[in-house]
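Contents: one structure, followed by commentary.
The values are calculated or read from the model by the stated rules, or taken from the named source; none is laboratory data. No experiment lies behind these values; they were computed from the predicted model shown. Surface areas here come from the heavy atoms of the whole protein model, side chains and all, with no ligands, DNA or RNA. Shrake-Rupley method; radii C 1.70, N 1.55, O 1.52, S 1.80 Å.
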Amino acid sequence: MGVKVRRYKNKWYLFINHLGKRKAKCVGTDRKIAEELKRRAEARLAMGRLGITDNSSQSPFFADFAERWLQDYARVECKKSTAEGYESVLEQYLLPRLGKKRVDAISREDAKALINNLLAKDLSRNTVRNALCVLRGIFNEAIESGIVKANPASRLARFTKAANNDVKKGIALSHLEVSLLLSAAMEICPDWHPLFLVAVRTGLRRGELVALEWGDIHFGESEHDQNRYILVKRNYVRGEETTTKNHKERRVDISREVRRALLQKYEARLQEAQREGTKDMAKEKVFRSSTGSILGPDNLYKRLFRPVLEHSGIQPIRFHDLRHTFGSLLIQSGASLVYVKEQLGHSSIQITVDTYGHLAPGANVCWVDRIDEESLQQSATQAQPRGSALNRECSQVTDSIGGGAWTRTTDLRIMRPSL
(Lines give C-alpha, C1' and ligand atoms only; values in the text may rest on other atoms or scores of the structure.)
Protein backbone atom coordinates (compact mmCIF):
# COMPACT_ATOMS: atom_id res chain seq x y z
CA MET A 1 0.00 0.00 0.00
CA GLY A 2 1.40 3.42 -0.96
CA VAL A 3 4.29 4.67 -3.05
CA LYS A 4 7.87 3.38 -2.98
CA VAL A 5 11.06 4.50 -4.70
CA ARG A 6 13.47 1.84 -5.90
CA ARG A 7 16.60 1.79 -8.05
CA TYR A 8 17.03 -0.64 -10.93
CA LYS A 9 19.89 -0.60 -13.46
CA ASN A 10 21.03 2.94 -12.57
CA LYS A 11 17.50 4.33 -12.89
CA TRP A 12 14.89 5.20 -10.27
CA TYR A 13 11.36 3.86 -10.40
CA LEU A 14 8.11 4.67 -8.62
CA PHE A 15 6.11 1.64 -7.50
CA ILE A 16 2.51 2.51 -6.69
CA ASN A 17 0.19 0.08 -4.95
CA HIS A 18 -3.29 1.46 -4.41
CA LEU A 19 -6.66 -0.27 -3.97
CA GLY A 20 -5.28 -3.57 -5.23
CA LYS A 21 -3.84 -2.01 -8.39
CA ARG A 22 -0.14 -1.68 -9.07
CA LYS A 23 1.83 0.57 -11.34
CA ALA A 24 5.58 1.09 -11.98
CA LYS A 25 7.08 4.11 -13.74
CA CYS A 26 10.68 5.06 -14.55
CA VAL A 27 11.45 8.61 -13.38
CA GLY A 28 15.09 9.03 -14.45
CA THR A 29 18.54 8.80 -12.86
CA ASP A 30 18.20 11.48 -10.16
CA ARG A 31 17.06 10.27 -6.75
CA LYS A 32 15.97 13.76 -5.65
CA ILE A 33 13.54 13.96 -8.55
CA ALA A 34 12.26 10.48 -7.72
CA GLU A 35 11.63 11.47 -4.10
CA GLU A 36 9.83 14.64 -5.21
CA LEU A 37 7.61 12.68 -7.59
CA LYS A 38 6.90 10.23 -4.80
CA ARG A 39 5.56 13.05 -2.62
CA ARG A 40 3.40 14.30 -5.48
CA ALA A 41 2.03 10.82 -6.17
CA GLU A 42 1.16 10.38 -2.49
CA ALA A 43 -0.64 13.72 -2.56
CA ARG A 44 -2.64 12.68 -5.62
CA LEU A 45 -3.57 9.39 -4.06
CA ALA A 46 -4.79 11.25 -1.03
CA MET A 47 -6.87 13.55 -3.21
CA GLY A 48 -8.17 10.70 -5.37
CA ARG A 49 -6.81 12.28 -8.57
CA LEU A 50 -4.62 9.45 -9.81
CA GLY A 51 -5.99 7.65 -12.84
CA ILE A 52 -5.58 4.14 -11.39
CA THR A 53 -7.82 4.76 -8.42
CA ASP A 54 -11.45 4.59 -9.33
CA ASN A 55 -12.98 4.61 -12.78
CA SER A 56 -16.13 6.17 -11.37
CA SER A 57 -14.27 9.37 -10.46
CA GLN A 58 -14.45 12.17 -12.97
CA SER A 59 -11.47 12.44 -15.29
CA PRO A 60 -9.30 15.59 -15.11
CA PHE A 61 -9.45 18.47 -17.52
CA PHE A 62 -7.03 18.22 -20.43
CA ALA A 63 -5.17 21.37 -19.31
CA ASP A 64 -4.55 19.94 -15.82
CA PHE A 65 -3.53 16.52 -17.09
CA ALA A 66 -1.22 18.05 -19.72
CA GLU A 67 0.51 20.10 -17.03
CA ARG A 68 1.06 16.96 -14.95
CA TRP A 69 2.39 15.19 -18.03
CA LEU A 70 4.89 17.99 -18.52
CA GLN A 71 6.01 17.83 -14.90
CA ASP A 72 6.14 14.06 -14.48
CA TYR A 73 7.33 12.98 -17.90
CA ALA A 74 8.63 15.68 -20.26
CA ARG A 75 10.74 17.57 -17.71
CA VAL A 76 12.08 14.33 -16.21
CA GLU A 77 12.72 12.10 -19.22
CA CYS A 78 13.47 14.70 -21.93
CA LYS A 79 16.06 17.39 -22.46
CA LYS A 80 15.23 20.88 -21.25
CA SER A 81 14.95 22.19 -24.81
CA THR A 82 12.62 19.33 -25.78
CA ALA A 83 10.39 19.88 -22.76
CA GLU A 84 10.20 23.60 -23.50
CA GLY A 85 9.24 22.76 -27.08
CA TYR A 86 6.42 20.55 -25.83
CA GLU A 87 5.23 23.32 -23.52
CA SER A 88 5.21 25.77 -26.42
CA VAL A 89 3.14 23.39 -28.55
CA LEU A 90 0.63 23.00 -25.72
CA GLU A 91 0.24 26.73 -25.17
CA GLN A 92 -0.06 27.66 -28.85
CA TYR A 93 -2.07 24.84 -30.39
CA LEU A 94 -3.55 22.30 -27.95
CA LEU A 95 -4.78 24.13 -24.87
CA PRO A 96 -6.80 26.83 -26.69
CA ARG A 97 -8.92 24.12 -28.32
CA LEU A 98 -8.86 21.19 -25.86
CA GLY A 99 -7.81 22.67 -22.52
CA LYS A 100 -11.31 22.95 -20.99
CA LYS A 101 -12.45 19.48 -22.03
CA ARG A 102 -12.32 16.37 -19.88
CA VAL A 103 -9.64 13.92 -21.02
CA ASP A 104 -12.09 11.06 -21.49
CA ALA A 105 -14.47 13.35 -23.43
CA ILE A 106 -11.95 14.09 -26.20
CA SER A 107 -12.82 11.95 -29.21
CA ARG A 108 -11.08 11.07 -32.44
CA GLU A 109 -13.25 13.61 -34.21
CA ASP A 110 -11.91 16.28 -31.87
CA ALA A 111 -8.36 15.31 -32.84
CA LYS A 112 -9.23 15.49 -36.55
CA ALA A 113 -10.89 18.87 -36.02
CA LEU A 114 -7.71 20.07 -34.30
CA ILE A 115 -5.66 19.03 -37.35
CA ASN A 116 -8.05 20.82 -39.69
CA ASN A 117 -7.84 23.94 -37.54
CA LEU A 118 -4.02 23.91 -37.71
CA LEU A 119 -4.10 23.29 -41.46
CA ALA A 120 -6.39 26.31 -41.87
CA LYS A 121 -3.69 28.47 -40.27
CA ASP A 122 -1.30 27.47 -43.08
CA LEU A 123 1.20 25.94 -40.68
CA SER A 124 3.96 23.70 -41.96
CA ARG A 125 3.56 19.95 -41.96
CA ASN A 126 6.27 19.55 -39.33
CA THR A 127 4.46 21.95 -37.00
CA VAL A 128 1.20 20.06 -37.36
CA ARG A 129 2.96 16.75 -36.79
CA ASN A 130 4.70 18.09 -33.70
CA ALA A 131 1.35 19.13 -32.23
CA LEU A 132 -0.08 15.71 -33.05
CA CYS A 133 2.95 14.00 -31.48
CA VAL A 134 2.48 15.88 -28.20
CA LEU A 135 -1.24 15.09 -28.14
CA ARG A 136 -0.52 11.41 -28.79
CA GLY A 137 2.06 11.32 -25.99
CA ILE A 138 -0.36 12.85 -23.48
CA PHE A 139 -3.03 10.28 -24.30
CA ASN A 140 -0.51 7.43 -24.06
CA GLU A 141 0.05 8.56 -20.49
CA ALA A 142 -3.73 8.75 -19.97
CA ILE A 143 -4.03 5.13 -21.14
CA GLU A 144 -1.33 4.02 -18.66
CA SER A 145 -3.16 5.91 -15.91
CA GLY A 146 -6.42 4.15 -16.76
CA ILE A 147 -8.28 7.33 -17.67
CA VAL A 148 -9.00 6.28 -21.26
CA LYS A 149 -8.79 2.98 -23.10
CA ALA A 150 -7.82 4.17 -26.60
CA ASN A 151 -5.70 6.96 -28.02
CA PRO A 152 -7.82 9.29 -30.18
CA ALA A 153 -4.68 10.80 -31.76
CA SER A 154 -3.18 7.55 -33.06
CA ARG A 155 -2.71 6.96 -36.80
CA LEU A 156 -3.71 10.48 -37.81
CA ALA A 157 -0.46 11.52 -39.52
CA ARG A 158 -1.96 10.78 -42.94
CA PHE A 159 -4.33 13.71 -42.47
CA THR A 160 -1.37 16.13 -42.39
CA LYS A 161 -0.45 15.57 -46.05
CA ALA A 162 -2.40 18.67 -47.06
CA ALA A 163 -0.20 20.86 -44.86
CA ASN A 164 2.29 23.34 -46.24
CA ASN A 165 5.47 21.41 -46.95
CA ASP A 166 7.66 24.29 -48.12
CA VAL A 167 10.59 23.53 -45.81
CA LYS A 168 13.37 26.09 -46.04
CA LYS A 169 16.49 24.17 -46.86
CA GLY A 170 19.95 25.26 -45.88
CA ILE A 171 22.34 27.33 -47.98
CA ALA A 172 25.72 25.90 -48.88
CA LEU A 173 28.64 28.23 -49.53
CA SER A 174 31.06 27.70 -52.39
CA HIS A 175 34.80 27.27 -51.88
CA LEU A 176 35.31 30.93 -52.79
CA GLU A 177 32.68 32.11 -50.31
CA VAL A 178 34.22 29.98 -47.57
CA SER A 179 37.60 31.54 -48.31
CA LEU A 180 36.11 35.04 -48.11
CA LEU A 181 34.40 34.24 -44.79
CA LEU A 182 37.58 32.87 -43.22
CA SER A 183 39.62 35.81 -44.50
CA ALA A 184 37.13 38.23 -42.95
CA ALA A 185 37.37 36.37 -39.62
CA MET A 186 41.16 36.64 -39.74
CA GLU A 187 40.94 40.38 -40.40
CA ILE A 188 38.42 41.55 -37.80
CA CYS A 189 38.74 38.87 -35.05
CA PRO A 190 41.90 36.78 -35.59
CA ASP A 191 41.58 35.14 -32.16
CA TRP A 192 38.28 33.57 -33.26
CA HIS A 193 39.47 32.44 -36.69
CA PRO A 194 39.95 28.82 -35.47
CA LEU A 195 36.30 28.75 -34.36
CA PHE A 196 35.06 29.63 -37.85
CA LEU A 197 37.50 27.20 -39.41
CA VAL A 198 36.32 24.35 -37.18
CA ALA A 199 32.68 25.24 -37.85
CA VAL A 200 32.98 25.13 -41.63
CA ARG A 201 35.39 22.17 -41.79
CA THR A 202 33.76 19.83 -39.26
CA GLY A 203 30.04 20.62 -39.42
CA LEU A 204 29.64 20.90 -35.64
CA ARG A 205 26.41 22.45 -34.46
CA ARG A 206 26.63 25.79 -32.66
CA GLY A 207 25.98 24.20 -29.26
CA GLU A 208 28.47 21.40 -29.94
CA LEU A 209 31.08 23.96 -30.91
CA VAL A 210 30.89 26.03 -27.71
CA ALA A 211 30.75 22.84 -25.58
CA LEU A 212 33.94 21.45 -27.14
CA GLU A 213 36.71 20.66 -24.62
CA TRP A 214 40.44 20.16 -25.15
CA GLY A 215 40.14 16.57 -23.99
CA ASP A 216 37.80 15.88 -26.92
CA ILE A 217 40.48 16.65 -29.52
CA HIS A 218 42.89 13.97 -30.73
CA PHE A 219 45.68 15.62 -32.72
CA GLY A 220 47.52 12.45 -33.74
CA GLU A 221 51.29 12.12 -33.77
CA SER A 222 51.72 14.31 -36.86
CA GLU A 223 49.86 15.80 -39.80
CA HIS A 224 50.38 12.56 -41.70
CA ASP A 225 48.76 10.52 -38.93
CA GLN A 226 45.18 9.78 -40.00
CA ASN A 227 44.14 9.25 -36.40
CA ARG A 228 43.20 12.92 -35.89
CA TYR A 229 39.64 13.71 -34.93
CA ILE A 230 37.21 15.43 -32.55
CA LEU A 231 35.05 13.29 -30.28
CA VAL A 232 31.71 15.12 -30.09
CA LYS A 233 30.15 14.25 -26.73
CA ARG A 234 27.96 17.15 -25.63
CA ASN A 235 25.76 20.01 -26.74
CA TYR A 236 24.88 23.36 -25.16
CA VAL A 237 21.25 24.38 -25.66
CA ARG A 238 19.21 27.03 -23.84
CA GLY A 239 21.70 27.50 -21.06
CA GLU A 240 22.08 23.77 -20.38
CA GLU A 241 24.92 21.43 -21.26
CA THR A 242 23.43 18.17 -22.41
CA THR A 243 24.01 15.27 -24.79
CA THR A 244 24.20 15.53 -28.56
CA LYS A 245 21.01 15.74 -30.57
CA ASN A 246 20.77 11.98 -31.16
CA HIS A 247 22.15 11.16 -27.67
CA LYS A 248 25.21 9.47 -29.21
CA GLU A 249 28.89 10.37 -29.35
CA ARG A 250 30.45 10.66 -32.79
CA ARG A 251 33.92 10.94 -34.21
CA VAL A 252 34.53 13.82 -36.63
CA ASP A 253 37.76 13.76 -38.62
CA ILE A 254 39.80 16.98 -38.79
CA SER A 255 41.85 18.12 -41.75
CA ARG A 256 45.51 19.12 -41.55
CA GLU A 257 44.61 22.81 -41.64
CA VAL A 258 42.14 22.41 -38.77
CA ARG A 259 44.72 20.42 -36.81
CA ARG A 260 47.35 23.16 -37.25
CA ALA A 261 44.95 25.91 -36.15
CA LEU A 262 43.75 24.01 -33.07
CA LEU A 263 47.25 22.90 -32.13
CA GLN A 264 48.52 26.47 -32.34
CA LYS A 265 45.64 27.64 -30.13
CA TYR A 266 46.29 24.80 -27.69
CA GLU A 267 49.99 25.61 -27.35
CA ALA A 268 49.22 29.28 -26.73
CA ARG A 269 46.63 28.37 -24.09
CA LEU A 270 49.05 25.87 -22.52
CA GLN A 271 51.59 28.64 -21.91
CA GLU A 272 48.92 30.77 -20.25
CA ALA A 273 47.79 27.84 -18.11
CA GLN A 274 51.34 27.25 -16.90
CA ARG A 275 51.62 30.89 -15.83
CA GLU A 276 48.24 30.64 -14.08
CA GLY A 277 49.17 27.38 -12.39
CA THR A 278 46.47 25.35 -14.17
CA LYS A 279 47.59 21.74 -14.45
CA ASP A 280 44.73 19.99 -16.26
CA MET A 281 43.14 21.50 -19.36
CA ALA A 282 41.19 18.44 -20.50
CA LYS A 283 37.87 19.76 -19.14
CA GLU A 284 38.44 23.31 -20.29
CA LYS A 285 36.35 24.70 -23.15
CA VAL A 286 38.26 25.30 -26.37
CA PHE A 287 36.32 28.45 -27.30
CA ARG A 288 35.74 30.36 -24.08
CA SER A 289 34.30 33.83 -23.56
CA SER A 290 36.48 36.77 -22.48
CA THR A 291 35.61 36.00 -18.84
CA GLY A 292 36.64 32.37 -19.14
CA SER A 293 33.10 31.00 -19.04
CA ILE A 294 31.28 29.11 -21.77
CA LEU A 295 30.63 31.14 -24.91
CA GLY A 296 26.89 31.69 -25.27
CA PRO A 297 25.52 30.58 -28.65
CA ASP A 298 23.60 33.87 -28.97
CA ASN A 299 26.74 35.89 -28.30
CA LEU A 300 28.58 33.76 -30.86
CA TYR A 301 26.00 34.68 -33.47
CA LYS A 302 25.49 38.38 -32.66
CA ARG A 303 28.98 39.51 -31.66
CA LEU A 304 31.14 37.30 -33.87
CA PHE A 305 29.31 35.68 -36.76
CA ARG A 306 27.21 38.63 -37.98
CA PRO A 307 30.14 41.13 -38.09
CA VAL A 308 32.31 38.59 -39.93
CA LEU A 309 29.50 37.80 -42.36
CA GLU A 310 28.91 41.48 -43.14
CA HIS A 311 32.63 42.13 -43.57
CA SER A 312 33.04 39.18 -45.96
CA GLY A 313 30.43 40.53 -48.39
CA ILE A 314 28.94 37.11 -49.13
CA GLN A 315 25.26 36.25 -49.18
CA PRO A 316 23.33 36.37 -45.87
CA ILE A 317 23.28 32.95 -44.20
CA ARG A 318 22.60 31.40 -40.81
CA PHE A 319 25.37 30.04 -38.64
CA HIS A 320 23.84 26.58 -39.10
CA ASP A 321 24.47 26.95 -42.84
CA LEU A 322 28.17 26.42 -42.13
CA ARG A 323 27.15 22.88 -41.21
CA HIS A 324 25.25 22.58 -44.49
CA THR A 325 28.33 23.87 -46.28
CA PHE A 326 30.49 21.16 -44.75
CA GLY A 327 28.07 18.43 -45.81
CA SER A 328 27.75 19.85 -49.31
CA LEU A 329 31.49 20.20 -49.86
CA LEU A 330 32.03 16.64 -48.66
CA ILE A 331 29.51 15.36 -51.20
CA GLN A 332 31.05 17.43 -53.99
CA SER A 333 34.52 16.16 -53.13
CA GLY A 334 33.33 12.59 -53.72
CA ALA A 335 32.68 11.42 -50.15
CA SER A 336 30.12 8.65 -49.75
CA LEU A 337 26.77 9.42 -48.16
CA VAL A 338 27.58 6.93 -45.40
CA TYR A 339 30.71 8.90 -44.48
CA VAL A 340 28.80 12.21 -44.58
CA LYS A 341 26.13 10.69 -42.32
CA GLU A 342 28.74 9.59 -39.77
CA GLN A 343 30.53 12.94 -39.77
CA LEU A 344 27.33 14.94 -39.29
CA GLY A 345 25.82 12.55 -36.74
CA HIS A 346 22.51 11.90 -38.49
CA SER A 347 20.32 9.16 -37.05
CA SER A 348 19.64 7.72 -40.53
CA ILE A 349 21.10 8.07 -43.99
CA GLN A 350 17.69 9.18 -45.27
CA ILE A 351 18.14 12.43 -43.36
CA THR A 352 21.49 12.92 -45.08
CA VAL A 353 19.96 12.39 -48.51
CA ASP A 354 16.93 14.59 -47.85
CA THR A 355 18.96 17.42 -46.32
CA TYR A 356 22.08 17.53 -48.46
CA GLY A 357 21.16 15.77 -51.69
CA HIS A 358 20.01 19.05 -53.27
CA LEU A 359 23.08 21.00 -52.23
CA ALA A 360 25.23 19.68 -55.09
CA PRO A 361 23.08 20.36 -58.17
CA GLY A 362 26.04 20.30 -60.58
CA ALA A 363 28.35 17.94 -58.80
CA ASN A 364 27.32 14.87 -60.83
CA VAL A 365 26.65 16.49 -64.19
CA CYS A 366 29.79 14.72 -65.41
CA TRP A 367 27.82 11.46 -65.48
CA VAL A 368 25.31 12.70 -68.05
CA ASP A 369 28.15 14.27 -70.03
CA ARG A 370 29.83 10.87 -70.09
CA ILE A 371 26.74 9.41 -71.77
CA ASP A 372 27.23 11.91 -74.63
CA GLU A 373 30.93 11.05 -74.89
CA GLU A 374 30.28 7.32 -75.02
CA SER A 375 27.53 7.78 -77.61
CA LEU A 376 29.91 9.76 -79.81
CA GLN A 377 32.58 7.09 -79.47
CA GLN A 378 30.15 4.36 -80.48
CA SER A 379 29.01 6.40 -83.51
CA ALA A 380 32.62 6.95 -84.61
CA THR A 381 33.44 3.23 -84.45
CA GLN A 382 32.95 1.49 -87.80
CA ALA A 383 30.40 -1.28 -87.95
CA GLN A 384 31.72 -4.85 -88.25
CA PRO A 385 31.34 -6.39 -91.75
CA ARG A 386 28.66 -8.98 -92.13
CA GLY A 387 31.13 -11.71 -92.95
CA SER A 388 33.37 -11.12 -90.01
CA ALA A 389 35.75 -13.64 -88.50
CA LEU A 390 33.40 -14.07 -85.54
CA ASN A 391 30.50 -15.12 -87.81
CA ARG A 392 32.74 -17.52 -89.73
CA GLU A 393 33.95 -19.07 -86.49
CA CYS A 394 30.35 -19.61 -85.33
CA SER A 395 29.51 -21.25 -88.65
CA GLN A 396 32.46 -23.63 -88.32
CA VAL A 397 31.33 -24.64 -84.84
CA THR A 398 27.78 -25.43 -85.96
CA ASP A 399 29.09 -27.42 -88.97
CA SER A 400 31.40 -29.48 -86.78
CA ILE A 401 28.55 -30.59 -84.52
CA GLY A 402 26.27 -31.41 -87.42
CA GLY A 403 23.68 -28.73 -86.76
CA GLY A 404 22.31 -26.05 -89.00
CA ALA A 405 22.74 -22.33 -88.75
CA TRP A 406 19.42 -21.92 -86.99
CA THR A 407 17.77 -23.29 -83.88
CA ARG A 408 15.90 -26.55 -84.10
CA THR A 409 12.63 -24.82 -83.13
CA THR A 410 12.51 -21.34 -84.57
CA ASP A 411 9.34 -20.35 -82.69
CA LEU A 412 10.20 -20.49 -78.98
CA ARG A 413 6.51 -20.59 -78.05
CA ILE A 414 6.18 -24.10 -79.56
CA MET A 415 7.06 -26.83 -77.09
CA ARG A 416 7.64 -30.51 -77.67
CA PRO A 417 4.54 -32.74 -77.28
CA SER A 418 6.37 -34.76 -74.65
CA LEU A 419 6.51 -31.63 -72.46
Open item on the list: Using 10 Å bins from zero, what percent of all Cα-Cα pairs in the stretch 116-200 falls into each bin?
Closed with: 15, 25, 15, 16, 19, 9, 1
Task: Accessible area in the full protein assembly, largest first, 1.4 Å probe, for Leu95, Leu300 - done: Leu95, Leu300
TODO: Provide Trp69, Trp192 ordered by accessible surface of protein heavy atoms (probe 1.4 Å), highest first.
DONE: Trp192, Trp69
- [ ] At a Cα cut-off below 26 Å, give the lysines reachable from Lys248, other chains included and same-chain residues fewer than 8 away excluded.
- [x] Lys9, Lys11, Lys25, Lys32, Lys79, Lys80, Lys169, Lys233, Lys283, Lys285, Lys341
Open item on the list: I'd like the Karplus ³J(HN,Hα) series for the stretch 218-223: coefficients 6.51, -1.76, 1.60, θ = phi - 60°, whole numbers in Hz, and an x wherever there's a Gly or Pro.
Closed with: 10, 7, x, 6, 7, 5
Task: Share of carbon and sulfur in the accessible heavy-atom surface of the stretch 302-342 [1.4 Å probe, %] - done: 51 percent
Task: Solvent exposure ordering (accessible area, 1.4 Å, most first) of His320, His247, His224, His193 - done: His224, His247, His320, His193
Task: Where the stretch 111-161 is the region considered: accessible area per residue in Å², 1.4 Å probe - done: 49 Å²
